[in-house]
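*Asks:* Please see the structure below; I have some questions.
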Amino acid sequence: MATKEEIVAGLADIVNEIAGIPTEDVQLDKSFTDDLDVDSLSMVEVVVAAEEQFGVKIPDDDVKNLKTVGDAVDYILKAQG
Amino acid sequence: MSPTNRTVVVTGIGATTPLGGDSASTWEALLAGRSGVRTLEQEWAAELPVRIAAQIAVEPGEVLPRPLARKLDRSAQFALIAAREAWADAGFTAKAGEDPAVDPDRLGAVVASGIGGVTTLLDQYDVLKNQGVRKVSPHTVPMLMPNSPAANVGIDVNARAGVHTPVSACASGAEAIGYAVEMIRTGRADVVVAGGTEAAIHPLPIVAFGNMMAMSKNNDDPQGASRPYDADRNGFVLGEGAGVVVLESAEHAAARGARVYVEVVGQGISADAHHITQPEPTGRGIAAALQNLLDGTDLKPAEIVHVNAHATSTPQGDVAEIKALRNIFGDDVDHMAVSATKSMTGHLLGGAGGIETVATVLALYNRLAPPTINLDHQDPEVVADIVHGEPRPLPAGTIAALNNSFGFGGHNVVLALRTTSV
């Protein structure tokens with residue numbers, strides 16, 4: 001089970017790999033679309049990578065609710081059970 | 001001059017090819033007679049009947065930022081690199097609108113490929129089979145669609161007058177440039193970024209072309225394998241890369257003080273309606289394209305001093321092209337310095353018309369025709385002056401050149417360029 005800090009760090013690495021954004025810029029209040037250059041297609045890549053890294057399932061219908069990094073972190077924390 | 005008959009000029013060129021990462025290094029290699037063909041060292045190539053190709057000289061991953069490159073098929077990566085070079089070469093400092101010299105609503109992009117994002121399609125099918133549904137990239141469709149290079153170039157330069165992708169196999173790049181010329185001539189646009197790209201060096205296309213008996217299997221002599229017009233030629237060598245030009249109405253270029261390379265006199269187009277892959281052996285269709293060019297423009301055969309031939313190094317095609325030139329131009333062919341640059345670049349399929357237009361622009365601008373390499377024993381059926389050994393100086397005065405491109409399906413496209421200063 002990953003801690004909140006580990007999930008933020010993991011998402012930062014994923015966003016860096018996919019969108020080229022520096023990891024230190026990936027903060028809880030940042031919007032994937034508006035701040036991190038992650039469009040709807042790249043968001044699918046972020047989700048798939050996060051599922052793999054944290055051992056969770058994020059159904060397509062839930063992805064639209066993950067607007068900020070904080071939304072994704074909370075979702076993953078909860079989904080880890 | 002009426003708005004439907006505007007003069008079109010070339011103001012920018014760009015290329016990334018098996019000979020170099022830009023147009024200058026490509027041109028230098030063409031003049032030096034260097035071959036871009038090498039042995040395929042990839043593991044997948046070891047058991048293939050054809051193990052040679054003209055691979056890109058500078059990998060696009062070394063040029064484009066990684067987050068951008070990973071969302072583009074290799075064919076679109078090449079196109080974007082060549083288009084950015086051409087755009088800067090034309091003197092533009094930012095995308096249309098941000099650079100006030102170009103109005104986005106008067107800017108077009110026409111970029112073609114013969115096969116489209118074939119490596120993306122095949123690679124993602126492998127991902128589906130081997131890793132499952134969830135791992136197939138969400139970027140697959142926008143990467144594999146054949147209009148992807150044009151669309152990405154259009155977004156990059158902010159082209160809003162229209163973005164197009166004519167597809168006609170190995171004539172695609174030339175047809176794209178011809179389409180762009182018409183956009184300007186008929187008043188739809190003032191500036192168009194146009195060219196061709198291809199990235200098909202992958203086991204399936206290589207095996208498929210090989211099974212058609214269209215490719216040279218001279219695996220032991222990569223640099224000697226592409227030998228247009230030579231008696232021992234036995235098929236083409238696959239190449240990859242892109243060539244792009246910036247076309248502009250003469251008035252628009254003059255108004256912003258742009259450097260003009262050459263004028264685009266026009267184009268001649270026809271179709272063989274003969275066989276899906278075999279060239280019509282007498283060159284009837286090619287001759288019709290040449291005649292259409294003469295009928296539709298003020299080009300005079302006496303002006304034509306250089307031909308960048310289609311000449312892929314196949315036994316039938318090379319001869320049909322020369323026969324057609326003879327049929328239409330007769331003895332005027334004797335003063336045409338014919339160059340087969342595919343002897344060095346390999347055959348870029350839909351990219352060929354792009355890089356060969358860049359080569360033809362530079363040949364006229366520098367008044368120097370590049371050599372044809374590997375011409376050891378000229379086929380006696382090829383009755384023409386094939387430049388070989390070293391570059392050939394072209395005469396002073398107003399001179400013109402042809403760039404020929406023909407494609408599977410029987411598509412024939414001839415572009416005519418002419419110097420604007422003596």
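*Asks:* Return the residues of the range B:26-49 that are open to solvent by less than 60 Å² (accessible area, probe 1.4 Å) and either aromatic (Phe, Trp, Tyr) or closer than 20 Å to residue B:340 by Cβ (or both); say none if nothing qualifies.
*Replies:* Across the range B:26-49, the qualifying residues are B:26, B:27, B:29, B:30, B:31, B:33, B:35, B:36, B:37.
*Asks:* Just a yes or no: is a residue in the range A:5-13 facing chain B (nearest Cβ under 10 Å) and either open to solvent by 10 Å² or more (accessible area, probe 1.4 Å) or at pLDDT 95 or above (or both)?
*Replies:* The answer is no; no qualifying residue exists.
*Asks:* Okay, next question. Given (1) more than 24 Å from residue B:241 (Cα to Cα); (2) surrounded by fewer than 20 Cβ atoms within 10 Å (Cβ to Cβ), where does residue B:91 come up short, assuming only one miss?
*Replies:* Of the numbered conditions (1) more than 24 Å from residue B:241 (Cα to Cα); (2) surrounded by fewer than 20 Cβ atoms within 10 Å (Cβ to Cβ), the odd one out for residue B:91 is (1).
*Asks:* Does residue B:264 count as part of a strand (DSSP E or B) and closer than 26 Å to residue B:343 by Cβ?
*Replies:* For residue B:264, the condition - part of a strand (DSSP E or B) and closer than 26 Å to residue B:343 by Cβ - is met.
*Asks:* Moving on to the next point. Quick one: what pairs do we get from the range B:163-179, first residue free of Cβ contacts under 8 Å to residues at least 60 places away in the same chain, second in a loop (DSSP other than H, G, I, E, B) and open to solvent by 10 Å² or more (accessible area, probe 1.4 Å), C-beta under 6 Å, 6+ apart or different chains?
*Replies:* The qualifying pairs are B:165/B:146; B:165/B:147.
*Asks:* Now for a separate question. Are there any pairs, at least 6 apart or on different chains, whose C-beta atoms fall under 8 Å, with the first in the range B:185-199 and farther than 16 Å from residue B:22 by Cα and the second among the charged types (D, E, K, R) and open to solvent by less than 10 Å² (accessible area, probe 1.4 Å), and if so, which?
*Replies:* Listed by first residue and then by second, the contacts come to B:190/B:248; B:191/B:248; B:192/B:248; B:199/B:73; B:199/B:240.
*Asks:* If only one of B:101, B:57, B:53, B:69 is away from every other protein chain (no Cβ under 14 Å), touching a Gly at 6+ places or on another chain (Cβ under 8 Å), of a type outside the set (Lys, Arg) and open to solvent by less than 20 Å² (accessible area, probe 1.4 Å), which one is it?
*Replies:* Answer to the selection: B:53.
*Asks:* Sticking with this one: For the range B:230-256, which positions are in contact (Cβ under 8 Å) with a residue 24 or more places away in the chain and over 30 Å from residue B:206 (Cβ atoms)?
*Replies:* Within the range B:230-256, B:246, B:247, B:248, B:249, B:250, B:251, B:252, B:253, B:256 meet the criteria.
*Asks:* Condition check: among the aliphatic types (A, V, I, L, M) and part of a loop (DSSP other than H, G, I, E, B). Does residue B:56 satisfy that?
*Replies:* When the stated conditions are applied, residue B:56 passes them.
*Asks:* Would you point out the residue of the range B:186-198, among those that are part of a loop (DSSP other than H, G, I, E, B) and not acidic (Asp, Glu), that is nearest to residue B:54 (Cα to Cα)? Lay out the reasoning, then the answer.
*Replies:* Just the residues of the range B:186-198 that are part of a loop (DSSP other than H, G, I, E, B), to begin with: B:186-190.
Filter again for not acidic (Asp, Glu), leaving B:186-189.
Numbers: B:186: 38, B:187: 38, B:188: 37, B:189: 35 Å.
This residue is B:189.
*Asks:* Another question, then. In the range B:269-326, what count of residues is obtained for those that are of a type in the set (S, T, N, Q) and surrounded by 16 or more Cβ atoms within 10 Å (Cβ to Cβ)?
*Replies:* Count: 8.
*Asks:* Something else: Got a number for residues in the range B:354-401 being surrounded by fewer than 20 Cβ atoms within 10 Å (Cβ to Cβ) and polar (S, T, N, Q)?
*Replies:* 3
*Asks:* Among the numbered conditions (1) open to solvent by 60 Å² or more (accessible area, probe 1.4 Å); (2) more than 16 Å from the chain's Cα centre (by Cα), tell me where residue B:179 comes up short.
*Replies:* Of (1) open to solvent by 60 Å² or more (accessible area, probe 1.4 Å); (2) more than 16 Å from the chain's Cα centre (by Cα), only one is false for residue B:179: (2).
*Asks:* For the range A:42-80, which residues satisfy the criterion of being free of Cβ contacts under 8 Å to residues at least 12 places away in the same chain and open to solvent by 60 Å² or more (accessible area, probe 1.4 Å)? Outline the logic, then answer.
*Replies:* Here is the first cut: in the range A:42-80, the residues free of Cβ contacts under 8 Å to residues at least 12 places away in the same chain are A:48, A:51-52, A:59-61, A:64-65, A:71, A:74, A:78.
Across the range A:42-80, the qualifying residues are A:52, A:59, A:60, A:61, A:64, A:65, A:74, A:78.
*Asks:* Provide a single number: the residues in the range B:97-113 that are without any contact (Cβ under 8 Å) to a residue 60 or more places away in the chain and touching a strand residue (DSSP E or B) at 6+ places or on another chain (Cβ under 7 Å).
*Replies:* Adding up the residues that qualify gives 1.
*Asks:* Also: Looking only at residues that are within 11 Å of the chain's Cα centre (by Cα) and more than 11 Å from chain B (Cβ to nearest Cβ) in the range A:37-62, which one is farthest from residue B:66 (Cα to Cα)?
*Replies:* Looking at the filtered set, the residue picked out is A:54.
*Asks:* Let me ask another. For the range A:14-41, which positions are of a type in the set (Val, Ile, Thr) and open to solvent by 20 Å² or more (accessible area, probe 1.4 Å)?
*Replies:* A:21, A:23, A:33
*Asks:* Just to be sure I understand, how many residues within the range B:143-168 are surrounded by fewer than 21 Cβ atoms within 10 Å (Cβ to Cβ) and of a type in the set (Gly, Ala, Ser)?
*Replies:* 3
*Asks:* Can you name the residue in the range B:136-173 that is among the small types (Gly, Ala, Ser) and over 19 Å from residue B:239 (Cα atoms) and, of all such residues, is nearest to the other protein chains (Cβ to nearest Cβ)?
*Replies:* My answer is B:137.
*Asks:* Select from the range B:104-135 the residues that are buried (at least 24 other Cβ atoms within 10 Å of the Cβ) and away from chain A (no Cβ under 14 Å) and list them in ascending order.
*Replies:* Of everything in the range B:104-135, those that are buried (at least 24 other Cβ atoms within 10 Å of the Cβ) and away from chain A (no Cβ under 14 Å) turn out to be B:107, B:108, B:109, B:110, B:111, B:112, B:113, B:114, B:116, B:117.
*Asks:* From the list B:100, B:67, which residue is over 22 Å from residue B:18 (Cα atoms) and at pLDDT below 95?
*Replies:* Step by step, each of B:100, B:67 is checked, and only B:67 is over 22 Å from residue B:18 (Cα atoms) and at pLDDT below 95.
*Asks:* Here is a further query. Applying the selection to the range A:15-66, what residues are part of a helix (DSSP H, G or I) and among the β-branched types (Val, Ile, Thr)?
*Replies:* Applying the first criterion (part of a helix (DSSP H, G or I)) to the range A:15-66 yields A:15-19, A:23-25, A:32-35, A:40-54, A:60-63.
Within the range A:15-66, A:15, A:18, A:23, A:33, A:44, A:46, A:47, A:48, A:63 qualify.
*Asks:* Can you tell me which residues in the range B:199-230 are assigned to a loop (DSSP other than H, G, I, E, B), surrounded by fewer than 18 Cβ atoms within 10 Å (Cβ to Cβ) and out of contact with any strand residue (DSSP E or B) (no Cβ under 7 Å at 6 or more places or on another chain)?
*Replies:* Matches in the range B:199-230: B:212, B:213, B:217, B:220, B:221.
The values are calculated or read from the model by the stated rules, or taken from the named source; none is laboratory data. The structure displayed is predicted, hence computed values, not measured ones. Cβ sites come from the backbone with ideal geometry, for glycine too, and all protein chains shown count toward neighbours. In case anyone asks, the SASA skips ligands and DNA or RNA and just uses the protein heavy atoms, side chains included. Shrake-Rupley method; radii C 1.70, N 1.55, O 1.52, S 1.80 Å.
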